[in-house]
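The values are calculated or read from the model by the stated rules, or taken from the named source; none is laboratory data. Given the structure is predicted, the values throughout are model-derived calculations rather than measurements. Backbone-built Cβ (ideal geometry, glycine too); neighbour counts: all protein chains shown.
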Amino acid sequence: MREKWKHIKAEFELADAGFLILRIVALIGGYGWLAFADIEPDVARRFHYILIYFILYCVLLYTLLFWLFHKKQVIYVFSLFLDISFLYLLIKNTGGFNSSYFVGFYLLTVLHSFYYGYIFGLFVATLCSVVYVISGNFEFELIHWTELSLRIAFLFLLSLPVGILSDRLRYDKEKIESLNKELLHSMEELKRLQSKLIKAEKLSALGKMTADVAHEIRNPLSVIGGFAKRLKKRLQPGTKEMEYAEIIVQEVMRLEKILRDVLSFSREARYHLRHYNINDLVLESLRYFQDILAERSIKVETELSDKLPEVLIDRDQLIQVFNNLISNAIDAMPEGGTITLSTRVDTEHNVNFVVVDVVDTGHGIPEDKIDRLFEPFFTTKEIGHGTGLGLSICKKIMEEHRGRIKVCSIVEKGTSFSLYFPYMPPEESFKTQCWEYMKCGVEKAEGAIERRCPAYPNYGRICWVIAGTYCEGRVQGAIAQKIGDCKKCEFYNRVVIKKDL
Ligand code: ADP
Ligand code: MG
């Protein structure tokens with residue numbers, strides 16, 4: 001019940017109040033007239049019946065409205081016919097054309113024109129005119145024809161401007177509401193971008209600082225490592241001193257690896273892109289882990305596609321990506337398991353990809369951690385065992401290759417990481433390579449120079465431009481930011497709004 005009141009309060013409009021007041025006034029006026037006017041008892045009795053009819057249907061109407069307030073538009077149409085029938089009875093029984101109750105038709109016409117607009121208003125005016133003539137019993141001798149025409153003409157003259165004004169008001173209201181929604185959406189987007197920017201700034205400051213520190217530590221560390229190795233050569237095997245020297249060498253090697261990770265994460269790497277068959281790089285990476293895999297009783301399976309096209313990549317960076325993924329998979333399977341490396345081709349949004357899957361049967365990743373995996377320094381490993389930079393480096397390298405990295409994991413079952421490298425089949429090489437064409441999709445933007453994007457007819461190519469930046473269900477990244485307002489981008493409209501690509 002309380003909910004109903006709340007809903008009615010929220011939806012109650014000026015016109016609803018108008019309808020209600022009109023009925024209350026009609027009722028008070030009716031009884032007032034009955035009490036004070038000098039009327040014959042026979043007319044008074046009939047009038048009393050009419051008022052009871054009016055009260056009954058008002059009770060019915062407002063009960064309906066209370067329970068079905070969301071259907072009020074339909075209920076008001078239904079009540080219009082009851083109101084008109086009430087007026088008909090009232091006028092017919094109080095003197096026909098001589099009755100003053102014809103003004104009731106004006107109130108009905110104005111309210112309905114205001115509520116439903118001028119078209120419905122004209123309909124109500126016509127209906128009222130017909131009913132008025134009928135309620136006057138066609139006794140045209142009681143009224144001069146000019147007077148009757150004037151009364152009817154005013155019905156139409158009222159319905160038109162009120163209806164047009166209310167249509168305009170409704171249109172403006174809807175426009176304001178949609179603008180409000182858009183504003184809210186933009187503000188949310190702005191907030192999101194702002195927090196992203198703050199995060200990025202913090203990270204870049206942190207990255208720079210860690211890079212400086214790492215750089216400072218690197219030289220003394222290699223000196224320590226060098227001396228420890230020399231010391232080891234001079235010591236007798238099996239002695240305590242030899243054991244200590246070995247620990248120093250191992251720990252220095254571990255620290256050097258951490259420093260390498262930190263530096264490769266924070267440094268702007270130079271990419272040497274060449275065409276490679278990714279299968280070769282996967283096998284090369286695996287070779288590096290052969291001993292450790294055997295030691296941990298981890299089985300290796302490979303499913304390498306022999307129809308893999310070559311892709312444009314930086315070999316060393318890619319080996320680093322595979323190494324990070326394989327070493328994470330090994331860490332996730334302390335009791336042994338299987339690691340599967342497969343390669344395949346795939347198409348998404350008309351973009352061709354070479355895909356590498358690294359799948360393990362390890363402990364998996366809980367859902368609440370999945371979102372944080374690619375955050376720099378996020379690690380669940382003990383201090384000294386993980387820097388939390390491996391996956392951030394992978395993501396960075398993949399983005400530099402205009403590719404993507406996807407993860408899928410089930411706790412206690414295993415994890416799969418998929419690397420997506422976009423490639424262009426040779427038969428399509430005549431098409432514009434969109435990453436070179438930074439302005440595709442903007443030719444329809446406001447204020448843009450009238451210029452057709454050469455990639456426009458091939459949506460695949462346009463997708464490709466955005467492919468690097470189309471992730472997690474939204475268009476983001478360099479291109480979208482360049483365009484400014486994503487909604488003005490043809491690609492955005494087709495992929496994100498209409499989802500037809
Ligand atoms: P690190 O390996 O130094 O911890 P990463 O960025 O490589 O840093 O990985 C971050 C975290 O992601 C890991 O600490 C681990 O919790 C989780 N993770 C990564 N790969 C896997 C995997 N294959 N299985 C389970 N968890 C994983
Ligand atoms: Mg790692």
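For region 315-338, check the following and say yes or no: at least one residue is within 13 Å of ligand 1 (Cβ to nearest atom), among the hydroxyl-bearing types (Ser, Thr, Tyr) and farther than 27 Å from Ser204 by Cβ.
Narrowing region 315-338 to residues within 13 Å of ligand 1 (Cβ to nearest atom): 320-334, 337-338.
Next, from what is left, pick out any that are among the hydroxyl-bearing types (Ser, Thr, Tyr): 327, 338.
Of the ones still in play, those that are also farther than 27 Å from Ser204 by Cβ are 338.
Within region 315-338, one or more residues are within 13 Å of ligand 1 (Cβ to nearest atom), among the hydroxyl-bearing types (Ser, Thr, Tyr) and farther than 27 Å from Ser204 by Cβ.
Report, ordered by the first and then the second residue, all pairs with beta carbons closer than 6 Å, sequence separation of six or more or different chains, a first member in region 382-394 that is over 14 Å from Val262 (Cβ atoms), and a second member that is within 8 Å of ligand 1 (Cβ to nearest atom) and assigned to a helix (DSSP H, G or I).
Hits for this filter: Cys394/Asn324.
Based on this model, can you work out whether Glu174 counts as among the charged types (D, E, K, R), outside the structural domain of Ile75 (by TED's automatic domain parsing), farther than 30 Å from Ile75 by Cβ and assigned to a helix (DSSP H, G or I)?
Numbers: among the charged types (D, E, K, R): yes; outside the structural domain of Ile75 (by TED's automatic domain parsing): yes; farther than 30 Å from Ile75 by Cβ: no; assigned to a helix (DSSP H, G or I): yes.
Judged against the criteria, Glu174 is not a match.
Looking at Ser285, Ser297, which one is of a type in the set (Ser, Thr, Tyr) and within 16 Å of ligand 1 (Cβ to nearest atom)?
Checking each option against the conditions leaves just Ser285.
Residues that are among the polar types (S, T, N, Q): list the helices (runs of 4 or more DSSP H) wholly contained in region 1-119 that include at least 3 such residues.
Fully inside region 1-119 and qualifying: 72-93.
May I ask you to say which residue of Ala211, Ala205 is surrounded by 14 or more Cβ atoms within 10 Å (Cβ to Cβ), more than 30 Å from Ser113 (Cβ to Cβ) and of a type in the set (A, V, I, L, M)? Reasoning before the result, please.
Values: Ala205 fails: surrounded by 14 or more Cβ atoms within 10 Å (Cβ to Cβ).
From the options Ala211, Ala205, the qualifying one is Ala211.
For region 91-115, how many residues are touching a Leu at 6+ places or on another chain (Cβ under 6 Å) and touching a residue at least 60 places away in the same chain (Cβ under 8 Å)?
Residues in region 91-115 being touching a Leu at 6+ places or on another chain (Cβ under 6 Å) and touching a residue at least 60 places away in the same chain (Cβ under 8 Å): 2 in total.
Please tell me if Val124 is part of a helix (DSSP H, G or I), touching a Leu at 6+ places or on another chain (Cβ under 9 Å), without any contact (Cβ under 8 Å) to a residue 24 or more places away in the chain and surrounded by 11 or more Cβ atoms within 10 Å (Cβ to Cβ).
In short, no.
Here is a check on your reading of the model: is Ser297 surrounded by fewer than 20 Cβ atoms within 10 Å (Cβ to Cβ) and of a type in the set (S, T, N, Q)?
Spelling it out, Ser297 is indeed surrounded by fewer than 20 Cβ atoms within 10 Å (Cβ to Cβ) and of a type in the set (S, T, N, Q).
Six or more apart or on different chains, Cβ atoms under 6 Å: show the pairs whose first residue is in region 340-361 and farther than 11 Å from Phe421 by Cα and whose second is buried (at least 20 other Cβ atoms within 10 Å of the Cβ) and polar (S, T, N, Q).
Here the result reads Asp360/Thr415, each pair linking region 340-361 to a residue that is buried (at least 20 other Cβ atoms within 10 Å of the Cβ) and polar (S, T, N, Q).
Which of (1) within 11 Å of ligand 1 (Cβ to nearest atom); (2) in contact (Cβ under 8 Å) with a residue 40 or more places away in the chain; (3) surrounded by 14 or more Cβ atoms within 10 Å (Cβ to Cβ) does Val411 not meet, given it meets every other one?
If we test Val411 against (1) within 11 Å of ligand 1 (Cβ to nearest atom); (2) in contact (Cβ under 8 Å) with a residue 40 or more places away in the chain; (3) surrounded by 14 or more Cβ atoms within 10 Å (Cβ to Cβ), just (3) comes out false.
Could you check region 414-450 and list, in sequence order, the residues that are surrounded by 15 or more Cβ atoms within 10 Å (Cβ to Cβ), at pLDDT below 85 and either more than 25 Å from Leu304 (Cβ to Cβ) or within 16 Å of ligand 2 (Cβ to nearest atom) (or both)?
Lys431, Thr432, Cys434, Trp435, Tyr437, Lys439, Cys440, Gly441, Val442, Ala445
Go through region 127-139 and count every residue that is assigned to a helix (DSSP H, G or I), in contact with a helix residue (DSSP H, G or I) (Cβ under 9 Å, 6 or more places away or on another chain), surrounded by fewer than 21 Cβ atoms within 10 Å (Cβ to Cβ) and not polar (S, T, N, Q).
Final tally of qualifying residues: 4.
Within the group His7, His48, which residue is touching a Leu at 6+ places or on another chain (Cβ under 7 Å) and either surrounded by 11 or more Cβ atoms within 10 Å (Cβ to Cβ) or among the small types (Gly, Ala, Ser) (or both)?
His48
Residue by residue, here is whether (1) at pLDDT below 95; (2) within 16 Å of ligand 2 (Cβ to nearest atom) holds:
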{"position": "Ala294", "(1), (2)": "yes, no"}
{"position": "Asp316", "(1), (2)": "yes, no"}
{"position": "Gly336", "(1), (2)": "yes, no"}
{"position": "Thr343", "(1), (2)": "no, no"}
{"position": "Asp360", "(1), (2)": "no, yes"}
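Looking only at region 356-379, how many residues end up being near ligand 1 (Cβ under 6 Å from one of its atoms) and in contact with a helix residue (DSSP H, G or I) (Cβ under 7 Å, 6 or more places away or on another chain)?
Of the residues in that region, 3 qualify.
Can you tell me which residues in region 362-389 are more than 16 Å from ligand 2 (Cβ to nearest atom) and either in a loop (DSSP other than H, G, I, E, B) or modelled with pLDDT under 90 (or both)?
Residues of region 362-389 more than 16 Å from ligand 2 (Cβ to nearest atom): 366-368, 371.
Listed by number, the residues that qualify are Pro366, Asp371.
Listed here are the residues, each with its yes/no results for (1) in a helix (DSSP H, G or I); (2) away from ligand 2 (no atom under 16 Å from the Cβ); (3) among the aliphatic types (A, V, I, L, M); (4) loosely packed, with under 13 Cβ neighbours inside 10 Å.
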{"site": "Gly238", "(1), (2), (3), (4)": "no, yes, no, yes"}
{"site": "Ala245", "(1), (2), (3), (4)": "yes, yes, yes, no"}
{"site": "Val249", "(1), (2), (3), (4)": "yes, yes, yes, no"}
{"site": "Tyr271", "(1), (2), (3), (4)": "no, yes, no, no"}
{"site": "Val282", "(1), (2), (3), (4)": "yes, yes, yes, no"}
{"site": "Tyr288", "(1), (2), (3), (4)": "yes, no, no, no"}
{"site": "Val321", "(1), (2), (3), (4)": "yes, no, yes, no"}
{"site": "Asn328", "(1), (2), (3), (4)": "yes, no, no, no"}
{"site": "Ile339", "(1), (2), (3), (4)": "no, no, yes, no"}
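Here are some conditions: (1) closer than 30 Å to Glu310 by Cβ; (2) of a type in the set (Val, Ile, Thr); (3) near ligand 1 (Cβ under 10 Å from one of its atoms); (4) not in a helix (DSSP H, G or I). Ile393 meets all but one. Which one does it not meet?
For Ile393, the failing item is (4).
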